[in-house]
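See below for the structure under consideration.
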Amino acid sequence: MQPDNHGIAVSLTILLALACSLMPLSGDWIVWKPNFLLLVAMAWVFRWPNEFGVIFAASVGLLADIVMRTSVGHSILLFAFCAAAILLVARWIKYLSLVQRMLLVLLILLLAGLLEAGIYSFYEQPSGIEYLPMRILLSLLVWPLLDRLVAGKHQQRD
């Protein structure tokens, strides 16, 4: 059995997420934009928890810190937290339906949003917590597309 090389698929999905993250939006829409890099990192950790874990998510978080020009460590902590939450339930994820996975993503994004608001509050910056429900809703609309995209690579392996 040959080992699977996910490098190209991971790179393409991260580049797609970068393009979506850097896509300019005007006015009030900017605060509702989902964190595409976080969603992609979560999708890969969901499908291959033994291969992609906290280190992978933290690396994508470092990329997000660099690209989004946030303080180094902000996204690293957030992405690692989400990956760790996924890894806690990794044994059961393969048995969940799409709706159940979306509910799990909702819960993780809610906890991550509260953590992020806490980080902003610690630095005495506006947290934007009032936009959290709409960001999570829009993230949940994007999630099935990412889940299917990564699942397509997963089925090719089997």
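FYI, it's all coordinate maths here, none of it is from the lab. These numbers come from a predicted model, not from an experiment. Using ideal geometry, Cβ is built from the backbone for each residue, glycine included, and neighbour counts are taken over all protein chains shown.
When +1 charges are put on Lys and Arg Cβ atoms and -1 charges on Asp and Glu Cβ atoms, the dipole computed for segment 7-157 relative to its Cα centre reaches about 620 debye. Shape class for segment 1-88, computed from the alpha carbon gyration tensor (a ≥ b ≥ c): prolate, with a/c not under 1.5 and a/b above b/c. Taking Cα atoms only, the orientation of helix 54-68 departs from the longest principal axis of the chain by about 40 degrees.
Ranked highest first by the average count of other Cβ atoms within 10 Å around their residues, in what order do 46-55, 20-29 fall? It would help to have the intermediate numbers written out before the result.
Working: 46-55: 17.0, 20-29: 10.2.
Those peptides, ordered most packed to least, come out 46-55, 20-29.
Pairs of Cα atoms nearer than 8 Å and 6+ residues apart set the relative contact order; for segment 1-130 it is 17 percent.
Of the three principal axes defined by the Cα atoms of the chain, the extents in descending order read 53, 29, 27 Å.
Each peptide in 36-44, 108-116, 129-137 was scored by the mean count of other Cβ atoms within 10 Å over its residues; highest first, the order is 36-44, 108-116, 129-137. Summary of packing: across the peptides 10-19, 118-127, the per-residue average of other C-beta atoms within 10 Å ranks them, highest first, as 10-19, 118-127.
Rank Leu22, Ile119, Val45 by how far each Cα sits towards the positive end of the charge dipole of segment 7-157 (+1 on Lys, Arg Cβ; -1 on Asp, Glu Cβ) and give me just the farthest. The residue sitting farthest along the positive end of the dipole is Val45.
The phi-based Karplus calculation (6.51 cos²θ - 1.76 cosθ + 1.60; θ = phi - 60°) puts the 3J(HN,Hα) values of segment 138-150 at 5, 5, 5, 6, 7, 3, x, 5, 5, 4, 5, 4, 6 Hz, whole numbers, x for Gly and Pro.
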